[in-house]
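Remarks on the structure that follows.
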Amino acid sequence: MNEPDGRIELVRVCKMLYDRKLTVSAGGNVSVRLEDGTFLITPSGKNKGLLSEDEVVRIDKDGRSLDGGKPSIERFFHLALYECNPSVNAVVHCHPLYCTALAVRGEKVNCSLTPEGIILLGEVPMVGYRTPGSPELVEAVRKECAHMAMTMARHGALTQGGDLIEAYNRMEELEFQAGLQILAAGADGLPDAEIRKITDGA
Ligand SMILES: [Zn+2]
């Protein structure tokens, strides 16, 4: 993706996250990998529903701002995921209510309640609590980089994808699954044999 298209798409996805109540106020951060090996990421401290294209910050692979903007403090776990996964081109991190409710309780999101959860998300790990913006959080996220979705204890959720819409869709589905888990309290996941059938056909 080139820079002008990246800015447009990133602002669009932030607005969708905000409109769907997947993030509130300045919480969360979203990034995309550009074709020249640099990245676009949301700026620090801005409401995701009010973001404009010129506020998006371009950074290099070491997290340095290339356009004078102030990038999100969480940029280093985004960069760690891109480094781990060459096919990942977008990362979404936010604090959706149901995912965060489970993460505050210390419960993982169980994505085996419905076929859609299994297909889109699979096994979703929860990383232990680490201070936002800390190198410890970056390392905890890096350890789970093979998973396209994860939650963070007492913090929120994170998804990856081949493009921004895929990462966004995973976040929307993850929050749906977390809400379902709370509303259908105590329900079992689909049986293992059915999960295998779905995964083999996916
Ligand atoms: Zn956060």
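Coordinate-derived values only; no laboratory data. Quick caveat, the model's predicted, so the values are computed rather than measured. Methodologically, a virtual Cβ is constructed for each residue, glycine included, from the backbone with ideal geometry; neighbour enumeration extends over all protein chains shown.
Quick note on the range 60-202: its Rg to Rh ratio, both from C-alpha atoms and Rh being the Kirkwood radius, is 0.99.
Between the listed residues G37, M148, G106, the Cα displaced farthest toward the positive end of the dipole of the chain, a dipole computed from Cβ unit charges relative to the Cα centre, is found at G106. For K15, a cut-off of 24 angstrom between C-alpha atoms picks up these lysines, skipping any fewer than 8 places away in its own chain: K46, K48, K70. In terms of surrounding Cβ atoms within a 10 Å radius of their Cβ, C14, C145, C94, C99 rank from fewest to most as C145, C94, C14, C99. Applying both filters, DSSP loop and at most 16 other Cβ atoms within 10 Å, to the trypsin sites (Lys or Arg not before Pro) of the range 40-100 gives K61, R64. The dipole here belongs to the range 51-197: it is taken about the Cα centre, uses +1 on the Cβ of Lys and Arg and -1 on the Cβ of Asp and Glu, and is about 420 debye. Ordering A184, G27, V57 by the projection of their Cα atoms onto the charge dipole of the range 3-201, which places +1 on the Cβ of Lys and Arg and -1 on the Cβ of Asp and Glu, puts G27 at the extreme positive end. The label point for K15 and the one for D60, both projected 7 Å from the Cα toward the Cβ, are 3.3 nm apart. Residues I41, I8, arranged from fewest to most other Cβ atoms within 10 angstrom of their Cβ, appear as I8, I41. How much of the DSSP bridge set in the range 3-201 is antiparallel, in percent, rounded to the nearest 5? Antiparallel bridges make up about 90 percent of those DSSP assigns within the range 3-201.
Placing a label point 7 Å from the Cα of L50 along the Cα-to-Cβ direction, the residues of the range 1-40 whose backbone N falls under 11 Å of that point are 25-26. Placing +1 on the Cβ of every Lys and Arg and -1 on the Cβ of every Asp and Glu, with nothing else charged, gives the range 22-101 a dipole about its Cα centre of roughly 240 debye.
Using the Cβ-Cβ distance between I195 and R142 with R0 set to 22 Å, the FRET efficiency works out to roughly 0.20. Taking each residue as 0.36 nm, the span from D36 to D5 lengthens on full extension beyond its C-alpha to C-alpha distance by 9.8 nm.
Toward the positive end of the charge dipole of the range 30-156, with +1 on the Cβ of Lys and Arg and -1 on the Cβ of Asp and Glu, the farthest Cα among P115, H78, M126 is that of M126.
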